[in-house]
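Visitor: The structure under discussion is supplied below as structure tokens; questions concerning it will follow.
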Amino acid sequence: MSAPKQPSPDSAVWKGEYRRYDLVKEFVIALVVVSLLTVLLAAVFSSSDKKAVTIAQWSRSDPTDFVTTGLSELDGTSTTAMYGPPYNHTSGAGQKIGPISLQRLAGVRIPVDAPTDLVLRPLETLTPDRPDLRSALGTYQAATSAKQQHWADAYAKALAHAQFRNGQLNVPPGDYGPVSPMMAGLLGFARSGGLDGALVTHAQFYATDYTKPLLFMADSTYLEGLAQQDHLLGGQWGMTNETGNYPGQPWLWLYTFWYQISPFKTSANADALIWSIMAILTLVLVLVPFIPGLRSIPRRVPVYRLIWRDYYRSVERPRAGPTTEA
Amino acid sequence: MTTPVQPGGTEGSSWTGALRRAGLRALPPEQLLPDEQPVYVASWVYVFGVATIAALFVVIGSGLLLAVEGPTWWHTSSVGLFFNSLHLWSVELFFFFMVIHLWAKFMMAAWRGRRAMTWVTGAVAFVVSIGAAFTGYLSQQNFSSQWIASQAKDGLNSVGIGAFFNVLDFGQMFTWHVALLPLGIVALVVVHVLLVRKHGVVPPFPAKTDTRSQPPSPLPTARDS
């Protein structure tokens with residue numbers, strides 16, 4: 001028969017002195033102080049609210065960038081078109097951790113076919129009133145992939161010399177087939193504000209899913225330029241910041257830190273590797289009490305003596321010797 | 001369901017009574033809301049735990065006020081902007097207090113003495129809070145939300161989470177922000193605080209020379225009950 005297990009001294013009930021401690025009063029005072037501090041900070045500093053960018057705004061501010069992005073969606077060369085899971089089945093796409101690609105394992109659960117969803121289908125909504133566009137779309141869709149690519153390549157080269165005048169994007173003459181009227185139609189649709197709605201609205205009236213318009217805009221250089229002005233890029237410690245001079249999410253500093261250093265800042269698998277590191281570190285944080293060595297650090301770093309300095313001062317005070325009366 | 005019983009005759013026979021007795025056994029009222037603490041509980045660092053909970057109250061209160069008018073209100077109303085500012089700054093204070101609390105508890109090795117679950121629930125609450133704040137930034141419906149969503153998707157997609165947790169879907173993120181994650185945080189904080197009350201505040205490491213006449217004793221006393 002084994003001896004009964006003695007409880008750890010740390011779990012023993014305190015047999016020393018107690019002091020009055022009013023938990024409810026402490027909480028009420030804390031609540032009042034924190035509330036007042038919050039009101040003060042809100043009144044003095046307010047909060048940031050830079051308006052959301054629309055596709056209409058983007059296409060009006062930088063029509064060449066918009067058309068360039070639209071063309072890359074159409075010919076399948078945009079980031080979204082070649083993204084892989086969860087949006088599409090691009091061969092070989094998907095980040096890896098060693099030999100494993102969790103991205104590919106999760107599969108395509110949010111299907112986005114860039115040419116169809118971001119260009120062709122929105123243009124088709126215009127065809128009832130635009131026979132010229134209906135004809136252009138018909139020609140494009142009836143052509144071979146090679147021919148489509150030839151038109152797109154030629155138009156992409158011409159865009160370098162494009163000029164925007166009187167609401168029209170003018171490119172030098174060339175063999176662009178139906179791509180030129182299609183891109184002109186897409187630009188006009190975007191500038192009117194129609195494309196913003198067309199990319200959100202699907203089979204139902206109510207919609208809250210902005211996946212398609214956000215993917216479209218994220219493929220542009222326009223959105224990135226705006227983010228750079230507000231020091232929001234990954235290389236600028238992006239997520240720890242906020243638009244304007246407001247605090248963002250400083251608690252994400254460690255996550256953002258990895259993106260600033262090699263090999264992560266140049267790795268094609270940076271996101272997957274950094275997420276893996278953060279998952280391990282998070283697990284370590286949660287399981288500190290069970291990790292030998294790590295759990296002993298506080299005992300070796302005498303910060304606790306500062307926290308409990310009154311206690312140690314009282315228990316480590318030399319005993320007073322017997323007093324003698326003169 | 002009601003059944004006539006003699007006074008005192010239901011002891012041990014109902015689920016409700018069993019639950020009440022189990023609750024009282026685990027956490028008697030004087031342990032749940034004590035009005036005294038061991039003498040070593042005397043440092044400003046203890047304030048940051050309760051300050052974190054106070055900030056959480058302000059976060060939830062300001063969030064509820066924003067929820068009354070809906071997610072677009074604060075973009076068009078100066079009153080709404082003020083409430084949004086309250087929400088933002090209370091979140092910043094919440095994290096500030098929580099991080100100091102966390103570091104202090106680490107330096108005190110507050111998991112000692114069967115208090116590991118107290119640490120675990122606190123650490124998980126910290127992680128879930130990061131998720132709640134993140135979905136809040138995604139729910140702002142402004143440029144910040146757009147940019148954060150477009151960047152964060154790559155990290156989440158790279159490990160397969162993005163296939164199920166779509167940061168580009170405002171509806172999904174808003175629901176997580178106003179319902180699922182706050183419920184998770186509140187539940188974790190409640191369990192965390194109950195564990196603190198059940199196991200008490202972790203005692204100091206042994207002193208170099210303890211001259212007290214009554215050192216901590218492992219023997220149970222009336223205060224155990």
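Every read-out reported here was derived from the displayed coordinates using simple, explicitly stated rules and does not represent laboratory data. Everything numeric here is computed off the predicted structure, so don't read it as measured data. Because the Cβ atoms are built from the backbone with ideal geometry, glycine has one as well, and the counts that use them run over all protein chains shown.
Visitor: When N counts the residues of chain B, how does its alpha-carbon radius of gyration compare numerically with 2.2 N^0.38 Å, as a ratio?
Guide: On the way: Rg = 22.8 Å, N = 225, 2.2 N^0.38 = 17.2 Å.
Working it through for chain B, the quotient is 1.32.
Visitor: Hey, another quick one. What is the order of B:PHE164, B:PHE82, fewest Cβ neighbours within 10 Å to most?
Guide: Details: B:PHE164 12, B:PHE82 18.
Lowest count first: B:PHE164, B:PHE82.
Visitor: Counting only other chains, and only Cβ atoms inside 10 Å, what mean value do you get across the residues of B:69-78?
Guide: Numbers: counts 0, 0, 1, 0, 0, 2, 3, 0, 0, 1.
Other-chain Cβ atoms within 10 Å of each residue's Cβ, averaged: 1.
Visitor: Using DSSP H assignments, which helices in chain A have an axial alpha-carbon span of 30 Å or above and a mean Kyte-Doolittle hydropathy of -1.0 or higher? Before the final figure, lay out the partial values.
Guide: On the way: long enough: A:23-45 (32 Å, 2.56).
Those that pass (Cα extent of 30 Å or more, hydropathy at least -1.0) are A:23-45.
Visitor: Given only helices, namely DSSP H runs of n ≥ 4 each adding -39500 (n - 2.57), what is the per-residue ellipticity at 222 nm of chain B, to the nearest 500 deg cm²/dmol? Walk me through the intermediate numbers first.
Guide: Numbers: 9 runs with 137 residues, N = 225.
Mean residue ellipticity, 222 nm, calculated: -20000 deg cm²/dmol.
Visitor: Here is a follow-up. Summarise the long-distance tail of P(r) for the protein assembly as shown by giving the % of C-alpha pairs beyond 38 Å. Can you show the working numbers first?
Guide: Numbers: 69585 of 151525 pairs.
Of the Cα pairs, 46 percent sit more than 38 Å apart.
Visitor: Pick out the long, greasy-scoring helices in chain B: whole DSSP H runs spanning 15 Å or more along their own axis by Cα, mean Kyte-Doolittle at least 0.5. Walk me through the numbers before you get to the answer.
Guide: Values: long enough: B:15-26 (16 Å, -0.24); B:47-69 (34 Å, 2.25); B:78-107 (43 Å, 1.31); B:116-138 (33 Å, 1.53); B:143-158 (23 Å, -0.48); B:181-199 (27 Å, 1.77).
Long hydrophobic helices here: B:47-69, B:78-107, B:116-138, B:181-199.
Visitor: Tell me the relative contact order for chain A as a rounded percent, counting alpha carbon contacts under 8 Å between residues six or more apart. Show your work: numbers first, answer last.
Guide: Numbers: 302 pairs, mean separation 51.3, N = 326.
Dividing the mean separation by the residue count of chain A yields 16 percent.
Visitor: Determine the sum of side-chain charges near A:ARG299: Lys and Arg each +1, Asp and Glu each -1, restricted to other residues whose C-beta is under 12 angstrom from that of A:ARG299. Please report the intermediate quantities before stating the final value.
Guide: Working: positive: A:ARG295, A:ARG300, A:ARG305, B:ARG112; negative: A:ASP10.
Taking every Cβ under 12 Å from that of A:ARG299, the sum is +3.
Visitor: Using only atoms on other chains, find how many Cβ atoms lie within 10 Å of each Cβ of peptide B:111-124 and report the average.
Guide: On the way: counts 6, 8, 6, 5, 3, 5, 1, 1, 7, 6, 1, 1, 8, 3.
Other-chain Cβ atoms within 10 Å of each residue's Cβ, averaged: 4.
Visitor: So which lysines can A:LYS51 reach, going by Cα to Cα under 25 Å and dropping same-chain residues fewer than 8 places off?
Guide: By straight Cα distance, A:LYS51 reaches A:LYS212, B:LYS153.
Visitor: Out of residues 5 or more away from B:ASP169 or on other chains, whose amide H comes under 5 Å of its own, with H placed 1.01 Å from N in the peptide plane?
Guide: Hits under the 5 Å cutoff: A:TYR210.
Visitor: Let me ask something else. For A:LYS50, which aspartates and glutamates qualify as cross-link partners when the Cα separation must be under 14 Å and same-chain residues fewer than eight apart are set aside?
Guide: A:ASP230, A:GLU242
Visitor: Also: Can you give the percent of C-alpha pairs in the range B:109-201 whose distance is more than 19 Å? Intermediate results must be reported in sequence, preceding the final value.
Guide: Details: 2123 of 4278 pairs.
Percent of Cα pairs beyond 19 Å in the range B:109-201: 50.
Visitor: Something else: Peptide A:39-45: average number of partner chain Cβ atoms within 10 Å per residue?
Guide: Taking the mean over all residues of the peptide, I get 5.
Visitor: Could you name the aspartates and glutamates in cross-link range of A:LYS96, using Cα to Cα under 12 Å and dropping any fewer than eight places away on the same chain?
Guide: Hits, sequence-local ones excluded: A:ASP271.
Visitor: What is the Cα convex hull volume of the range A:231-314 when expressed per residue in Å³? Spell out each step's value before the answer.
Guide: Values: hull volume 12.1 nm³, N = 84.
Once divided by residue count, the hull of the range A:231-314 is 144 Å³.
Visitor: Would you please put A:249-261, B:68-80, B:111-123, B:192-204 in order of how densely packed they are, using the mean number of other Cβ atoms within 10 angstrom per residue and starting with the highest? Please report the intermediate quantities before stating the final value.
Guide: Working: A:249-261: 16.2, B:68-80: 13.3, B:111-123: 21.0, B:192-204: 18.4.
Listed from highest to lowest mean packing, they are B:111-123, B:192-204, A:249-261, B:68-80.
Visitor: Could you work out the relative contact order of chain B, using alpha carbon pairs under 8 angstrom and six or more residues apart, expressed as a whole percent?
Guide: Details: 165 pairs, mean separation 50.2, N = 225.
Relative contact order here is 22 percent.
Visitor: Using only helices, what value at 222 nm comes out for chain A when you add -39,500 (n - 2.57) per DSSP H run of length 4 or more and divide by the total residues, to the nearest 500 deg cm²/dmol?
Guide: Details: 16 runs with 154 residues, N = 326.
That comes out to -13500 deg cm²/dmol.
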